[in-house]
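Notes follow the structure.
The values are calculated or read from the model by the stated rules, or taken from the named source; none is laboratory data. Source: prediction; values computed, not measured. Cβ placement follows ideal geometry from the backbone for every residue including glycine, while neighbour counts extend to all protein chains displayed.
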Amino acid sequence: MGLLGKAADIDSVKQTSAFLHFQTDTAENVSSVISDFFSKHSFFHCIVLKFRIDSNYNLSDIIDMTACHGAVCNNLPGSNCLVLLPGSLDMELFAHRISRSTDSTVIYQFSAHSFSLAFETIKPYLE
């Protein structure tokens, strides 16, 4: 596959990811996103970010930064954002880079090896 093919493939991943996970913020939808991600990655990282109210960044900016790495992003209530990363990636580095690039704050980050652990840990941010 040539460079143009790779670029087109990455762009389609970004668009699909943005379309599927842009406005989902209910507990049921977040549960579904985590479950889908867990079915592909038995070990993964979760990062919860908080955007400033006056921030010009949003979920689509994070999707653009992380889609090529296999990450999934999801809106949470209260200007928060959930980022799910494959376990093979460096969670600390991604959290630092994403928060600095989008002028957001890392509220919480953890690694999970089960759907239930991840969802129970994320539950307080769904209210």
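Kindly indicate which of D90, D54 is without any contact (Cβ under 8 Å) to a residue 24 or more places away in the chain and within 20 Å of A118 (Cα to Cα).
D90
Looking at the stretch 36-49, I want the residues that are in contact (Cβ under 8 Å) with a residue 24 or more places away in the chain and of a type in the set (S, T, Y) and have a partner that is outside any strand (DSSP E or B) and crowded, with 21+ Cβ neighbours inside 10 Å with Cβ atoms under 9 Å, at least 6 apart or on another chain. Which pairs are those?
No pair meets every condition.
When you scan the stretch 89-127, how many residues do you find that are outside any strand (DSSP E or B) and more than 14 Å from F37 (Cα to Cα)?
The total comes to 23.
Give the residues of the stretch 90-108 that are closer than 17 Å to F44 by Cα and touching a Phe, Trp or Tyr at 6+ places or on another chain (Cβ under 9 Å), sorted by residue number.
Matches in the stretch 90-108: M91, Y108.
With the checklist (1) at pLDDT below 90; (2) out of contact with any Ser or Thr (no Cβ under 7 Å at 6 or more places or on another chain); (3) not hydroxyl-bearing (S, T, Y) in hand, flag the one item L84 doesn't pass.
Exception for L84: condition (1).
Which helices (runs of 4 or more DSSP H) sit wholly inside the stretch 1-76 and have at least 3 residues that are within 21 Å of I122 (Cα to Cα), of a type in the set (A, V, I, L, M) and at pLDDT 80 or above?
27-40
Name every residue in the stretch 87-98 that is in contact with a Ser or Thr (Cβ under 8 Å, 6 or more places away or on another chain) and modelled with pLDDT of 90 or more, in order of residue number.
G87, M91, F94
Looking only at the stretch 77-87, how many residues end up being assigned to a loop (DSSP other than H, G, I, E, B) and more than 15 Å from A118 (Cα to Cα)?
3
Based on what the data block shows, is V72 in contact with a Ser or Thr (Cβ under 8 Å, 6 or more places away or on another chain) and either under 19 Å from T26 (Cβ atoms) or surrounded by 15 or more Cβ atoms within 10 Å (Cβ to Cβ) (or both)?
Taking the combined requirement at face value, the residue satisfies it.
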